[in-house]
Amino acid sequence: MIESLWEFYRTRYDFIVPLIIEHLQIAVIAIIAATMIGVSLGIFIHEKKRLSPIVLGLVSFLYTIPSISMLGFLIPFSGIGNKSAIIALTIYALLPIIRATFTGLENVDADIIEAARGMGSTRKQILFQIKLPLAMPVMLSGFKNMTVMTIALAGIASFIGAGGLGVAIYRGITTNNMTMTIAGSLAVALLAFLCDILIGCMERFLRNRRHTQKTKHRVMLSILAVFIALSAGLFYTPHKKEVLHLATKPMSEEFIIGEMLKQLIEDRTGISVVITKGVGGGTSNIHPAMVKGDFDLYPEYTGTSWSFVLKEKELPDDATLFKELNQQYQKNYHMEWVGLYGFNNTYGIAVTKKLADTYHLKTYSDLAAVSHKLSFGGEYDFYEREDGYDALTTAYGFHFKKTRDLDIGLKYDALENGETDAIIAFTTDGRLSSPNIVLLQDDKHFFQTYYAGTIIRQDTLKKYPELRQVLMLMNNLISEKEMAAMNHEVETQKKNEADVARAFLIKKGLLEVKNHE
């Protein structure tokens, strides 16, 4: 494992280093914001003690909200990406710094304060020249805890398309790349550890009486200037006249498709493409962001759009479906479907070969007969979809003894480890190529078709009309077998999705090799 990690850091440094910088930027902005707000509130409730239970109670309540829920609450207001992540991290960082400031100020010796008053010191002088310096050790302890916690928690930000090392962790889980997951997790741990050491050094420096107050102030201002400069880099991007923002769901397949779209667009036009990979919640978060204008285009599936976005019940035939989808998307959302890639990635139910042999399972109906003895696992959203778990159990009469919510990147591991007996799968999953996995037959044809294609905003097409011709190069380009093979390369052979996408496009004659060497 150590060799694999070293090889990953050595060969993928161009991937991991920008994530480390972005992780630090997100965390530092949240830390600075939380420190400013938290110290101010700590001083306020020290001066207005009657309000301290209310303020501390409210902040404590916010602190108990699960991080994923907090991110979900913020998306409608601040959108997908770094902004929501920074707001959430700032909220979580408030409690330790408010408590530390309040506790430090409250514990200042009353006799010292009384003596200062007797010498004619003003309230402001007492606060800034006596109370805060004496409270500083307690405040620094709270600051240290807040910093370490914020750096660790920043990894969850990738769930909503923000940057940072969570991208490596989440993408590693999604693509079954344990080395990438551990590499990202280890980098987060090392950052938190180093920050803990640096704050400890700063704490000892401030307590050292050999240094004058003037020297200490200069050092603190220098550190703050470095932090602000580091943070500002997150919002600075070189000016580019033509940039498209493309989103993908947290699936190997969409990572690959996203890279194909990016490479084709950049190869055929002068437009740069920025990909936000693996947006948590998939369509439920990407579609609102598309409506809002945070993204310009993304790969989607016909069945998902029809049932989940448009809330339609009856599925028409494939030819009519695409036409009606386009009409409703143009009318309701000012978006268009431009081409279908050719493959149908519908749902399926997978079991281990051992279980299939034990119970002689070939179809969903066979599984239904023994479902009361078995457990079932699926992604979180599958249980909430109108065409999901409840409808499936009604159609086939499933009575599983237990159901489990499983992350998309962990479900096959759970199946092979015996943690669940059956899982919901996608028919182009790369891991279905394993001889130990059996995909059962949907003998009642319950699952509808899920043809993949590109959805793009109409104002983006109007601005860049040349995009239509480029996107249509993907039309009927990929078969189910080819998509499954590419997923297998990423998930099992641990290849980079960008390399897999590039090799496929070159094979199809859509990229010139000489332009990319």
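The values are calculated or read from the model by the stated rules, or taken from the named source; none is laboratory data. Please read these numbers as outputs of a predicted model, since none were measured by experiment. All Cβ positions, glycine included, derive from the backbone under ideal geometry; neighbour counts span all protein chains shown.
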Please find, within the range 392-412, the residue that is nearest to the chain's Cα centre (by Cα) out of those that are surrounded by 17 or more Cβ atoms within 10 Å (Cβ to Cβ) and assigned to a helix (DSSP H, G or I).
Lys411
Filtering the range 274-295 down to residues that are in a loop (DSSP other than H, G, I, E, B) and touching a Gly at 6+ places or on another chain (Cβ under 6 Å), which residue is nearest to Arg385 (Cα to Cα)?
Val279
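Which count do you get for residues in the range 102-113 that are in a helix (DSSP H, G or I) and surrounded by 11 or more Cβ atoms within 10 Å (Cβ to Cβ)?
Summing the residues that are in a helix (DSSP H, G or I) and surrounded by 11 or more Cβ atoms within 10 Å (Cβ to Cβ) in the range 102-113 gives 7.
Before we move on, is Thr320 free of Cβ contacts under 8 Å to residues at least 40 places away in the same chain, more than 20 Å from Gly430 (Cα to Cα), out of contact with any Lys or Arg (no Cβ under 8 Å at 6 or more places or on another chain) and assigned by TED's automatic domain parsing to the domain that holds Lys462?
Numbers: free of Cβ contacts under 8 Å to residues at least 40 places away in the same chain: yes; more than 20 Å from Gly430 (Cα to Cα): yes; out of contact with any Lys or Arg (no Cβ under 8 Å at 6 or more places or on another chain): yes; assigned by TED's automatic domain parsing to the domain that holds Lys462: yes.
Considered against the rule, which asks whether it is free of Cβ contacts under 8 Å to residues at least 40 places away in the same chain, more than 20 Å from Gly430 (Cα to Cα), out of contact with any Lys or Arg (no Cβ under 8 Å at 6 or more places or on another chain) and assigned by TED's automatic domain parsing to the domain that holds Lys462, Thr320 comes out as yes.
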Select, from Tyr383, Tyr389, the only residue that is surrounded by fewer than 16 Cβ atoms within 10 Å (Cβ to Cβ), in contact with a helix residue (DSSP H, G or I) (Cβ under 6 Å, 6 or more places away or on another chain) and either under 30 Å from Lys462 (Cα atoms) or of a type outside the set (D, E, K, R) (or both).
Tyr383
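Yes or no, residue by residue, for (1) of a type in the set (Gly, Ala, Ser); (2) surrounded by fewer than 21 Cβ atoms within 10 Å (Cβ to Cβ); (3) in a helix (DSSP H, G or I); (4) at pLDDT 90 or above:
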site: Ile16; (1), (2), (3), (4): no, yes, yes, yes
site: Ala30; (1), (2), (3), (4): yes, no, yes, yes
site: Gly57; (1), (2), (3), (4): yes, yes, yes, yes
site: Phe61; (1), (2), (3), (4): no, yes, yes, yes
site: Ser84; (1), (2), (3), (4): yes, no, yes, no
site: Leu94; (1), (2), (3), (4): no, no, yes, yes
Under 6 Å by Cβ, and 6 or more places apart or on different chains, what pairs join a residue from the range 429-454 that is among the aromatic types (Phe, Trp, Tyr) with one that is surrounded by fewer than 17 Cβ atoms within 10 Å (Cβ to Cβ)?
Phe446/Ala395
Looking only at the range 141-185, count how many residues are within 30 Å of Leu105 (Cα to Cα) and of a type outside the set (S, T, N, Q).
10
For the structure I just gave you, tell me whether Gly79 is crowded, with 19+ Cβ neighbours inside 10 Å, modelled with pLDDT of 90 or more and in the same structural domain as Ile228 (by TED's automatic domain parsing).
no
Among the candidates Ile91, Ile43, Ile21, single out the residue that is within 17 Å of the chain's Cα centre (by Cα), of a type in the set (Val, Ile, Thr) and on the phi < 0 side of the Ramachandran plot.
Ile21
Given the criteria under 17 Å from Ile408 (Cα atoms), surrounded by fewer than 24 Cβ atoms within 10 Å (Cβ to Cβ) and either touching a His at 6+ places or on another chain (Cβ under 9 Å) or of a type in the set (S, T, N, Q) (or both), does Thr248 qualify?
no
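Might you check whether a residue that is modelled with pLDDT under 90 and surrounded by fewer than 21 Cβ atoms within 10 Å (Cβ to Cβ) occurs anywhere in the range 34-43?
So far as the range 34-43 goes, no, none of its residues is modelled with pLDDT under 90 and surrounded by fewer than 21 Cβ atoms within 10 Å (Cβ to Cβ).
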Please determine whether any residue of the range 162-175 is surrounded by fewer than 17 Cβ atoms within 10 Å (Cβ to Cβ), modelled with pLDDT of 85 or more and not acidic (Asp, Glu).
no
Out of the residues in the range 428-444 that are at pLDDT 90 or above and not charged (D, E, K, R), which is surrounded by the fewest Cβ atoms within 10 Å (Cβ to Cβ)?
Asn436
